[in-house]
Structure formats: structure tokens, C-alpha cells
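Rule-based calculations on the coordinates, nothing more; no lab input. Quick caveat, the model's predicted, so the values are computed rather than measured. Virtual Cβ from ideal backbone geometry, glycine too; neighbours counted across all protein chains shown.
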Amino acid sequence: MAEHAHKPQRIVVGISGASGAVIGVRLLAALRRLGTQETHLIVSASGAVTAAQELGMTRGDLDSLADVVYNVRDIGAAVASGSFITAGMVIAPCSMKTLAGVANGFADNLLTRAADVMLKERRRLVLVARETPLNLAHLRNMTSVTEMGGIVMPPVPAFYAHPKTIEDVVDHTVGRILDLFAIEHREIAQRWSGLADEFTERRSGVDE
Ligand SMILES: Cc1cc2nc3c(=O)[nH]c(=O)nc-3n(C[C@H](O)[C@H](O)[C@H](O)COP(=O)(O)O)c2cc1C
């Protein structure tokens, strides 16, 4: 049997300086609970600032959530090479600056380099891009990443799930990220299983 068959899959998690550090944090916590993936964390300098501002978390707090931690300036780290096998990478949240770097192959730090590697190796890359409203550069960069095979997944709330807390809203996004990596999760986010009969009847009444 191949050596890697015994080991959990590796997944690279990036946290950049967009609002929504909580998404990366709850994603890491979920991955730890599930225990099927080895998490490799890269936090940009601005990502550390937003985590402190939004969550009161230190760099050490963030690092404690991951299995392996990298310095964003360590361009020689394992995840900078395609020969280091991973299931893929998610950047959550992804700033418009990091999106621009990925979209243009401008790999000037380990975060954008690791994402660049995912695209060149044709591995799963999910960018939880967070900004609003969007200018044309943002939209064009999202198009470029999509054309290269990456997935742009803004953290948009799903109101049909009747979220009651911020954690509910975030966990819906976390669940959808895990879905994109085919990572089984039952408890993290509720799934849509069709409209309840009462709404279906009302709807068909309108159609008739
Ligand atoms: C509190 C705070 C919130 C921010 N929110 C966003 C945001 O939602 N989206 C975004 O693209 N940039 C946001 N920024 C700006 C980025 O942090 C900034 O462009 C930075 O250079 C991104 O660097 P990075 O991509 O290397 O993390 C925010 C900055 C701060 C301090």
C-alpha cells in the first residue's frame, strides 16, 4: 500500500486580511473536530490584524487551531512546492488583494504562492472572497480565478436555513466549504432537503 494511504489528507488553510476571520477560525475548528484532515495554516500579516480586531485572537491562538503553521514570508516552505501533496487549499476569508495576487499569478508571499501551486497542479482552490460592493478589478479577478479552475465562494448567508446566531451563518459557509472538498460533516450545517409540503402546496396553488 502507498505510504500516504495511512495518513490523513492535508488541507492548506489561508487566512488573509478581509473581514470574517471567524470563518477561517471556525473552519479550522471544524476540521480538527472531524479529524480527517491535517491542517496547514498560513496567516497573512493583515489576517493577523483582522483576527485581533474582530475576535481578540492572537497569532498564537490562531496557530493553536492548526496542525502545521507557516510564516507567510517563508517562501521556501513545503506548501510552496507542488511536490508536497495536498487535497487543496481554502483561503477564508480572502481579501481582494490576495484575490488579485492569485488571479494574476503574483506569488509574492507564501499565501499567494501556495494558491498558485494549487492552480498549476490543478488541485482544489476555494477563495472565500469577502468585499462589498465589488469594483471591476474584483469582478475581473474573480473571473480569472474561475477560468483557471479555482472556486470563488463569497460568504453569503442562506436565510432559508433560519440562522439564529452569527455562528449559524458562519457554519453554513463552513459546511459549504467542506462540501467542496467532499469532506463528510453531519453536524456543522443543516442541509436543504426541499421545501416543506405546506410551501409546495401554496406555491402550486399560485401556479394553477
Ligand atoms: C478591520 C479590517 C477589515 C478589512 N476588511 C476587508 C475586506 O472585507 N475585504 C478586503 O478585501 N480587504 C479588507 N481589508 C483590507 C485588507 O486587510 C488589506 O487590503 C490588506 O492589504 C490585505 O492583505 P492580505 O491579502 O495580504 O491579507 C480590511 C482591513 C482591516 C484592517
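The modelled label-to-label distance for the pair Glu147/Phe199, using points 7 Å beyond Cα in the direction of Cβ, is 3.7 nm. Packing here is the average count of other Cβ atoms within 10 Å per residue, and on that basis the peptides 36-45, 56-65, 169-178, highest first, run 169-178, 36-45, 56-65. Placing +1 on each Lys and Arg Cβ and -1 on each Asp and Glu Cβ, with no other charges, gives the chain a dipole about its Cα centre of roughly 520 debye. Other residues whose C-beta falls under 12 angstrom from the C-beta of Ser16 contribute a net charge of +1, scoring Lys and Arg +1 and Asp and Glu -1. With 5 Å bins beginning at zero, the pair-distance distribution over Cα atoms of region 68-208 amounts to 2, 9, 16, 17, 16, 14, 10, 7, 4, 3, 2, 1, 0 %. Taking the longest Cα principal axis of the chain as reference, the axis of helix 166-180 is set at about 70 degrees.
The peptide list 131-141, 101-111, 17-27, put in order of mean Cβ contacts within 10 Å with the highest first, becomes 17-27, 101-111, 131-141.
For Ala78 and Glu187, the FRET efficiency from 1/(1 + (r/R0)^6), where r spans their Cβ atoms and R0 equals 30 Å, is about 0.45.
How big is the gap, in Å, between the Cα center of region 157-193 and the Cα center of region 25-68? Centre-to-centre (Cα) distance: 19 Å. Working from Cα pairs under 8 Å separated by at least six residues, relative contact order for the chain is 20 percent. Could you work out how far helix 197-207 tilts from the main Cα principal axis of the chain, as a 0 to 90 degree angle to the nearest 10? The angle comes out at about 70 degrees.
Could you tell me the relative contact order of region 1-88? Use alpha-carbon pairs under 8 Å, at least six residues apart, and round to a whole percent. Value for region 1-88: 35 percent.
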